[in-house]
Structures are given as C-alpha cells and as structure tokens.
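The structure appears below as structure tokens.
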C-alpha cells in the first residue's frame, strides 16, 4: 500500500515536470541548441584539417555536453523554490530523496536525452569514424545522467542564493571532470580500435554510485537551503 | 493553564523553543500544546517571528533549542511520518502557474498520504473555484490562486493545518467562507496553527490558544 503510493507519487511528479517542460518548451530547447551550435562552430573555426578535427572531436562533443548540462542545471529547482512548491515537497509524506530522483529523471529526459539523440549527427560533422559512434553513444547514455545527478546536489545547495550561478559552476565542474576524462578517453580508444571495456565500466560505476548517493545528498542540501 | 488542559496530553507539543535570526533572539523558552479541536493563533508585530515559528512547527526550519513532539515523539525522528499529518500553507501558494487547478491539486494529493474519498472537484467547489478547474492557474486572480492553495488543505487528511496569513488577497466574503472551512476542520477534531492580521470570526465552540510573540 505505502510502496504503491510511493511509486504513484514518483510517477506523478515525473509527469508533472514533463508537462511543465512541455508547456515551456522555448526554454527547453536552449541547452540542446547550445550543444549543437558549439559543436557545429568548431570545424568552422579549425578549418579544413580533417586529422585535427578528428583528434579533437570526442573532446569537443563532451565539453559541449558538459557546458550544456551546466547551463540547464539551474532550472531544476529554481521555479519550484520561487513559487513555494519546494517547501511542499519537503513536507511530503514520502521520502524526499525519492521525489528528488523523479525530478532528476525528468530533468535528464528533457535536457540529457536530446543530446544523446543529436550526437550521431554531430559525430559525423566532427569526422568521428562510424566505428566509434556506438561507443560515443554509450558514453553519453552513461555519462549524461551522472551530470544531472551530480549537478542536482550543487543546485540544491545554491538554490537559496540570489546569484548562485558562478558558485554552482565552481562547485560542480570539478566533479564533472572524471566523467569528461573517461568518456573522451573511451571514444578516442574506440577510434583507434582498442576495446573500451575499462572506461565504460568506470562510467557505469560512476552512474550507479551517483544514482545511489546523489538523491540523498540533494535532499539533505535542499533541507539546508530552505531552513 | 486550565485543569482540562493539564490532564489530557496535547497531540502536538512544543517545549521551550528558541529562535535566533541574524543574531537577534526572536523568542525563547516558548512552550505550548495543541489538542484536537484547538487552534493556535500567533499574534505579534511584523518581524516578531510568527512565520519563523510556523516554519519551525512544520519542521522546515530547525529551532535553536527546544523540542517538538507529535503524540510524544520527536518530529525530526518521525520525518515523513509526521509530515503526513500536517498541511502547510505558506506565504507562497506553492501552486504551479503553468498547471491547471485540478493538476495542482492532484499533485498535492499525491505528495500527501494517499487518502480515499476526497474528491478533487469537490475540494475546488468548496473554495469557490467550481468551473475554473481547467483554466491555467496563471490566469486566475490573486484571490483565486489563494483559494486554490486553501483547497490543497482539503485533499489530504492532514490533522494539523499550519497557516501563514491564509486570508491574504481574499475578499471579505471569501474570508468568512474560509473561516467556516477552518471551523469545520476544527470541529471534526482537526488542529490549526495560524497567523493572521484579521480579527478571526470563529464561533465560540472553537478553542483558541493565543500567543503574542511581541509581548513576552
């Protein structure tokens, strides 16, 4: 009975955030547009040196994904904080960490998943060989949820501040670096044709670890931000 | 304290609470209890700590010292088990402006303890929002948005209503109507803790506990 109402609260909140995102879709395109524009501008800036573009390609895609994620983070709790919904979540009869997980999942579906979908096109643009594209996709599907999960802790800590943007970047970017290193390394290794199991295993470990720990840390941070 | 008050234990008890904000002591050694059918009314000047006290009662804010007991148990240990008994109406309505009133209430109900038999349409009807269920909340007037926030109290079976200036932007008729709603809740054995600048027009049967934070 209580697990049933917990799952229904989870899906209710997930649906709510998706509906809200749909009703404000203009804001929603921003991070994806940023991602596409940055990666599309790169070959233009470098010129027609195919070897060089291929060499920096994985890095460019991942740095752009990282910054796009950072750009979209603030929207995760901002409007809920402003209109008082966040207080209501904290007073819910359900564990806050589960509700937070629903919000993170919604945030990833809206901002992370689109990056995953457009990535193959950008990979072609950056001259990444077709054999490495599956690995790139794998790193994105494993890595972008980690960005949302880790980011949620940072946003939760800074949501009460008037100008939290700079602090948020300083707080969150260092934590994003391991994801960046292992993801780009996996793609580079795949381009050369060497197995990438090691890097992908570490990315999976990061995903599982942050999936377990981040919601609890976020719930605790929100409690601090609201009190 | 009356004799009746001493021999039955209160459902919600506060023991020697203290609150400090920006190095200023707002109140200290504040103790009281709320029993079924009782309403705690907080009075005091602006900045005397009424909102802070209500947020402490919810468990959103930690008191500097003191204890809060729900049926004898510490509320911070109970956590969500305590939250299912309370409904909080703060300064901010807590409704999403991009959702319709009905969608907002559905979420409020989902966040609380699952309760049967409380119809969302009926709750909207009770606060006078019948016919507005599918209008985006953004298009409602300030008073109507406040009514929607009050409707949220009706869709879970929370026993303790914590109300911070519930009558803000309501018209006179609306205030009277909401007073009847609150009275009904108290007569059913509910409890309330509230602040208001209006003179409350409850009928005599309702037991009010008044605490003035500026005259302590």
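The values are calculated or read from the model by the stated rules, or taken from the named source; none is laboratory data. As the structure is a computational prediction, the values presented were derived from the model and not from experiment. All Cβ positions, glycine included, derive from the backbone under ideal geometry; neighbour counts span all protein chains shown.
General remarks:
- Residue match in the stretch A:7-18 (condition: over 24 Å from the mean Cα position of the chain (by Cα), surrounded by 12 or more Cβ atoms within 10 Å (Cβ to Cβ) and either in a helix (DSSP H, G or I) or touching a residue at least 12 places away in the same chain (Cβ under 8 Å) (or both)): yes
- Here the helices (runs of 4 or more DSSP H) wholly within the stretch B:67-181 that include at least 2 residues being surrounded by 17 or more Cβ atoms within 10 Å (Cβ to Cβ) and within 12 Å of chain A (Cβ to nearest Cβ) are B:75-78, B:80-83, B:101-111, B:142-154.
- Qualifying residue in the stretch A:147-166 (condition: in a loop (DSSP other than H, G, I, E, B) and more than 30 Å from residue A:82 (Cα to Cα)): no
- In summary, helices (runs of 4 or more DSSP H) completely within the stretch A:30-134 and bearing 1 or more residues that are closer than 30 Å to residue B:158 by Cα and at pLDDT 90 or above occur at A:78-83, A:85-90, A:96-107.
- Test for residue B:214: is it more than 17 Å from the chain's Cα centre (by Cα) and within 26 Å of residue B:14 (Cβ to Cβ): yes
- Residue A:173 more than 30 Å from residue B:19 (Cβ to Cβ), in contact with a helix residue (DSSP H, G or I) (Cβ under 9 Å, 6 or more places away or on another chain) and surrounded by fewer than 18 Cβ atoms within 10 Å (Cβ to Cβ): yes
- Residue check, residue B:59 facing chain A (nearest Cβ under 8 Å), out of contact with any strand residue (DSSP E or B) (no Cβ under 6 Å at 6 or more places or on another chain) and without any contact (Cβ under 8 Å) to a residue 40 or more places away in the chain: yes
- Identity of the residue in the stretch B:6-23, loosely packed, with under 15 Cβ neighbours inside 10 Å and at pLDDT below 90, that ends up nearest to residue B:73 (Cα to Cα): B:9
- For the stretch A:19-54, the set of residues classified as in contact (Cβ under 8 Å) with a residue 40 or more places away in the chain, loosely packed, with under 14 Cβ neighbours inside 10 Å and within 14 Å of chain B (Cβ to nearest Cβ) consists of A:27 only.
- Those residues of the stretch A:62-85 which are closer than 19 Å to residue A:171 by Cβ and within 11 Å of chain B (Cβ to nearest Cβ), in sequence order: A:81
- Filter pass, residue B:49 being crowded, with 19+ Cβ neighbours inside 10 Å and either on the phi > 0 side of the Ramachandran plot or modelled with pLDDT under 90 (or both): yes
- Test for residue A:91: is it over 16 Å from residue A:16 (Cβ atoms) and free of Cβ contacts under 8 Å to residues at least 60 places away in the same chain: yes
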